[in-house]
Structures are given as C-alpha cells and as structure tokens.
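Heads up, the thing below is written out as structure tokens.
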Amino acid sequence: MDKYEILKKYFNYDSFRYPQDILIDKILANNDVLAILPTGFGKSVIYQVPGLMKEGLCLVISPLIALMKDQVDNLLRRNIKACYLASTMTHQEKKAILNNLNNYKFLYVAAERLELEDFISVLPKISLIVIDEAHTILWGFDFRESLLRIRNFIIKLNCKVNVVAFTATLAKSTINKIIYYGNLKKPYIYIASPIKENIKLRIFNIDRLTILKEILKRFKGKKIIIYLLTTVGVEKLANILKKDYLVSIYHGKLEKEKKVSEQENFQKNKTDIMIATSAFGLGVDIPNIRAVILYDIPLTLADLIQEIGRAGRDNLQSYAYLLYSNEGVKKALKLISYSNDIKNKKQELELVIKFYFSKHRDLLLKKHFN
C-alpha cells in the first residue's frame, strides 16, 4: 500500500495536512528529519505512516509513561500492533513483550530502557527510530542523563537506521544539541510558526484574579487550563475557584492515582477547569480546550509556546490569556535562584517579559526559534 492507502485504511483521512506528506516522503527516502511543529499538528501520523510501510519495528523514545500509553491505545484502536515498556509493569509483563517483539510494528520506551543490555539483545530489525517531544533531551542536563545517551544507543545498534525527532518548540540555540544527542545525520529540518493561527493572544497587566474571573465568566461551560508555576500556587487558586466552579488540579506532588482521576475528570467533562503546573499537558490529547490562561509568567518562551499550544487542537477558534504581574515575576525569579544556570535562566525570563510587552511578537519568535 502507498502512503495514501495507509492514511485512509488506518487513520480514515483522505489527504495529508501540509507538511505531513513532505516529511513522510523525506522519511521514506531514508533521510533523518527534525520537525518543529505546533502542538496538535498531527506529528504522530508523520512517523506512523512510514512506520507501517517500512519493514521492521518502529522504536519510539518517549519521555512519559502516560504519553506512551496514550499513543499505544490510539494505535490499538486502529488495529495496529503496538506496545510499550514501562517501569510500572511487572517483570512478567515486560518479559512477555520482549519475547514477542517481532509481532509488533511500534514499540514505545523511555530513554532509560535503551541502556539495558537485556533490551538491546532482543531487539529485532529496527525500521525507524523516533524521538518524541525531542526538546526533553535537554532535561538530560538537569535530571535525566539517560536522554543524553540516546546517541550512544543508536551508535551501538551499528546499523543504518533513520532517526526522526519531533517537538513543538526549540530555540535555534539548542537545535544543534538535539541533532547531536539524538544522533541525527544531516537531517532535513522543518520549522513551522510556533503559534497556531487559530489561537488569539490576549495580554493583561491588571489585577490577575479580577481579570481571571471575567475570563471564566466568558468561557463558562467551556474547557479551560490555568497554568501556574508552583504547587502551592495551584492549590491556593483551586481553593478560591472551587467555591464557584468545578475544578481539577494537577501538579508533580500529587499521588499517581490522584493525577489519573483529576485528568479523567477534566477529560470526561466532570470538571471544566484544570488548574495545573507545567506537569500537565505533555502529550495530553484534549482537542476542545477553548482557552489557556497563564496566571503566572512562564520561565521560558518554549514553556509559553508549549502551554498556550494546548488550546484549540481541534483547529477551532481558541484563546490564550497571559496575565502579567510583579508578583508573578518575583515568583519566577525565586524559582530561577535555585537553578544551576541562573544567568541564562534570567535571560530566558527577560525574553518572556519582552514578549509580553512587544509590539512585534512574531518577529521576536522568529528570531528566537528559527
């Protein structure tokens, strides 16, 4: 079957969304690819179509278990043989998968799995290696060093296999790091505008709680995400809003079961508002989020783009509200003070503040990301 037949049979689409077909052709021609595309752009189709066409197993390196499970569930619903390996599985569950890898077309793993000899030794022929959410490779400099060793794994395979990397945001200053640590060889690079055309930006520099309540009135009954920088901030705002609204919360300190239940409540329309830190959203496919509100100022432009990109995945008109305050800046500076790279982190924050007040935001984004 050709790429159009695959698209129709498994994904029920008649045509590709630009530039999906161009990138698929590059992959089928055995080029390495780095694609920087907005959230909700259909990145998975770009590697899943050639993954189905190529002989062998498509290995997808993914940063989060929830993201792996979501992708595998979507593939299984389309009758595509897929699986994932995670630290939360029992030894028997992992063994059953490893003993039957020839029966799958897609395997999702975390970077840490690549360093295990018992994993490498049972791998069948690899048709394609995909690095999903490739910007997370940079996490390797802070707390997940295995991400920096993806390159070593690919070299160790000692075979000609193409690498495809996807992300929604990547500053031009870090592109070469992703290419190096992902072991991409002379990649074809495609960079789309980081902000989708269906998202309208609104920026306010007045009392945050006052304007927040006005926004919530406007979007009553619609899905909304409110982002804050800290767990304490999330809990505090939730206590204020839950008097009048049904809210979910999400942050890194919640127990796993609580995270699952809060996310499900939001997805299943039991709540309309998700109040969260940046821990919520990576790989979460909720198409009908009509507004994203950045209650606190994000630490980087990449964080800003990632968070507002969660709105309007269904391509309908959506909004991103950026609420500026001196209190929010102080909170950001306090978090930066705990970093090992305070100077660069401050420069990143200054760029975000400049974005808030610039009359030429598009030019600023092009300069930073392209």
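The values are calculated or read from the model by the stated rules, or taken from the named source; none is laboratory data. Keep in mind that what you see is a predicted model, and the values were worked out from it rather than measured. Heads up, the Cβs are rebuilt from the backbone with ideal geometry, glycines too, and the neighbour counts pull from every protein chain shown. What goes into the accessible areas is simple: the full protein's heavy atoms, side chains included, and nothing from ligands, DNA or RNA. Shrake-Rupley method; radii C 1.70, N 1.55, O 1.52, S 1.80 Å.
Quick look at the values:
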{"item": "Local electrostatic count at ARG149 - Lys and Arg +1, Asp and Glu -1, tallied over other residues with Cβ under 13 Å", "result": "+1"}
{"item": "Helical mean residue ellipticity (222 nm; -39500 (n - 2.57) per DSSP H run of 4+; nearest 500) of the chain", "result": "-11000 deg cm²/dmol"}
{"item": "For segment 34-142, accessible area per residue (1.4 Å probe, heavy atoms of protein chains only), Å²", "result": "40 Å²"}
{"item": "Proximal lysines to LYS160, defined as alpha-carbon separation beneath 16 angstrom and excluding residues fewer than eight positions away on the same chain", "result": "LYS26, LYS54, LYS125, LYS185, LYS186"}
{"item": "Cα principal axis extents for the chain, largest first, Å", "result": "58, 41, 41"}
{"item": "Range of Cα positions in segment 106-165 per principal axis (Å), largest first", "result": "32, 23, 19"}
{"item": "Theoretical gain in end-to-end length, ASN74 to LYS253 [0.36 nm per residue, Cα-Cα removed]", "result": "61.7 nm"}
{"item": "Estimated vicinal HN-Hα couplings, Hz - segment 185-195 in sequence order (Karplus 6.51, -1.76, 1.60; Gly, Pro = x)", "result": "9, 6, x, 7, 10, 10, 10, 9, 4, x, 9"}
{"item": "Test item: Cα-centred dipole of the chain, Lys/Arg +1 and Asp/Glu -1 on Cβ, debye", "result": "640 debye"}
{"item": "Highest to lowest packing among 86-98, 184-196, scored as the average C-beta count within 10 Å", "result": "184-196, 86-98"}
{"item": "Segment 1-103, Rg to Rh (Cα coordinates; Rh as Kirkwood inverse mean 1/r)", "result": "0.97"}
{"item": "Bins of 5 Å, starting at 0 and running to the largest distance - Cα pair percent for segment 212-370", "result": "2, 9, 18, 22, 21, 15, 9, 5, 1"}
{"item": "Proximal lysines relative to LYS258, as straight alpha-carbon distance under 27 Å, when same-chain residues fewer than 8 apart are discounted", "result": "LYS69, LYS94, LYS213, LYS220, LYS222, LYS223, LYS236, LYS242, LYS243, LYS268, LYS270, LYS331"}
{"item": "Cross-link reach list, aspartates and glutamates versus LYS367, counting only Cα pairs under 17 Å and skipping chain neighbours closer than eight places", "result": "ASP303, GLU348, GLU350"}
{"item": "Environment charge of ASN99, counting only residues whose C-beta is closer than 14 Å and scoring Lys/Arg +1, Asp/Glu -1", "result": "0"}
{"item": "Accessible surface of the chain [probe 1.4 Å, protein heavy atoms]: carbon and sulfur percent", "result": "50 percent"}
{"item": "Counted charge near THR88, where neighbours are those whose Cβ lies closer than 14 Å (Asp, Glu -1; Lys, Arg +1)", "result": "+1"}
